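Novice: Can you read through this structure? Questions will come right after.
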Amino acid sequence: MEGVSGLIKGVIFDLDGVLLKFNLDSKKIKEEIIRFFVDNGLEGGLFTPRDSFSSIKEGARKYFAEKGKGDGWIDDLLKKGETIAIRYEVEAAKTTDLLPGVREVLKTLKAKGLKLAVFTYNNSEAAKIALERTGIIEFFDVVLARDNVPKPKPNPEHLKVVLQALGIGPNEVVVVGDSEMDIKPCKALGVRVVSVTTGIRTEEELKKYDPDFIIRELKELPNLIESRF
């Protein structure tokens, strides 16, 4: 990877499915959050566990606003829904596992002077617990979770804040993720994105969102950066 740092100055990683494996039942969490919203007046059947967390929350916000609920009432309801997700995420973080080859990849990238960051849709408490538990928090210059930014991914503002914190531009970084949640903000900002199939999406599913590259394991990343960026 000689000379890579002159072209690429940083790598930004998603967390779950890329660096770590959270033992998290997302379907169960979404079911409980949806049920909570329905108990508070949301029309049943509008959302299913197949919807993303962000689309469920934003959809609920829009629904209640159209029903005449005030911003304060809606914000309070969404915060209560958020506590459901946080409870599950924090517990999952306590048993999370490092995916194969991650430590070696981070060592290689860091040794070349690259800045490393995490941008995750997990909450900050769970992210910190998981990174400390697996012993890789020391590699990262920036860790920004959904509660650290006003508009979390897939909104591009999340990625923009990470870039600002790193002090590098969109053309100087590579993002590594496992779903459309990572690809969409990259497309919006003109950031190159590498998708890895160790997470929630298959290669065929990822192709629909047109990432720049798809790899099967994170250990392929250093050579990819050296040869293609």
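The values are calculated or read from the model by the stated rules, or taken from the named source; none is laboratory data. No experiment lies behind these values; they were computed from the predicted model shown. Note that we place each Cβ from the backbone using ideal geometry, even for glycine, and neighbour counts take in every protein chain shown.
Novice: Listed residues Ile8, Ile34; which is assigned by TED's automatic domain parsing to the domain that holds Lys184, closer than 23 Å to Ser179 by Cβ and either part of a loop (DSSP other than H, G, I, E, B) or free of Cβ contacts under 8 Å to residues at least 24 places away in the same chain (or both)?
Specialist: From the options Ile8, Ile34, the qualifying one is Ile8.
Novice: Given the residues Arg61, Arg103, Arg50, Arg87, which is the only one that is part of a loop (DSSP other than H, G, I, E, B), free of Cβ contacts under 8 Å to residues at least 60 places away in the same chain and either out of contact with any strand residue (DSSP E or B) (no Cβ under 8 Å at 6 or more places or on another chain) or assigned by TED's automatic domain parsing to the domain that holds Leu131 (or both)?
Specialist: Residue meeting the stated conditions: Arg50.
Novice: What residue, of Gly135, Gly113, is in contact (Cβ under 8 Å) with a residue 12 or more places away in the chain, more than 25 Å from Gly169 (Cβ to Cβ) and part of a loop (DSSP other than H, G, I, E, B)?
Specialist: It is Gly135.
Novice: Moving on. Let me confirm something: among Lys79, Lys67, Lys9, which residue is surrounded by fewer than 20 Cβ atoms within 10 Å (Cβ to Cβ) and in contact with a Lys or Arg (Cβ under 8 Å, 6 or more places away or on another chain)?
Specialist: Testing whether each residue is surrounded by fewer than 20 Cβ atoms within 10 Å (Cβ to Cβ) and in contact with a Lys or Arg (Cβ under 8 Å, 6 or more places away or on another chain) leaves just Lys9.
Novice: Next question. Give the residues of region 82-118 that are over 18 Å from the mean Cα position of the chain (by Cα) and buried (at least 21 other Cβ atoms within 10 Å of the Cβ), sorted by residue number.
Specialist: Those that are over 18 Å from the mean Cα position of the chain (by Cα) and buried (at least 21 other Cβ atoms within 10 Å of the Cβ): Val105, Leu109, Leu114.
Novice: With respect to the numbered conditions (1) out of contact with any helix residue (DSSP H, G or I) (no Cβ under 8 Å at 6 or more places or on another chain); (2) modelled with pLDDT under 95; (3) farther than 20 Å from Val105 by Cβ; (4) of a type outside the set (Val, Ile, Thr), which one is the sole condition not fulfilled by Pro154?
Specialist: Exception for Pro154: condition (1).
Novice: Limited to region 17-53, what total is found for residues that are farther than 18 Å from Tyr88 by Cα and surrounded by 20 or more Cβ atoms within 10 Å (Cβ to Cβ)?
Specialist: 4
Novice: Kindly evaluate Arg146 against the criterion of being in the same structural domain as Phe13 (by TED's automatic domain parsing) and within 13 Å of the chain's Cα centre (by Cα).
Specialist: It is true that Arg146 is in the same structural domain as Phe13 (by TED's automatic domain parsing) and within 13 Å of the chain's Cα centre (by Cα).
Novice: Given the conditions (1) closer than 27 Å to Ile200 by Cα; (2) touching a Pro at 6+ places or on another chain (Cβ under 9 Å); (3) of a type outside the set (Ser, Thr, Tyr), report the number of the one that Lys112 does not fulfil.
Specialist: (1)
Novice: Could you list, in sequence order, all residues of region 157-213 that are among the aliphatic types (A, V, I, L, M) and at pLDDT below 95?
Specialist: Selection gives Met181, Ile200.
Residue-by-condition table, conditions (1) polar (S, T, N, Q); (2) at pLDDT below 90; (3) within 15 Å of Thr83 (Cα to Cα):
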site: Ser5; (1), (2), (3): yes, yes, no
site: Ile12; (1), (2), (3): no, no, no
site: Leu15; (1), (2), (3): no, no, no
site: Ile29; (1), (2), (3): no, no, yes
site: Val38; (1), (2), (3): no, no, no
site: Leu42; (1), (2), (3): no, no, no
site: Ile56; (1), (2), (3): no, no, yes
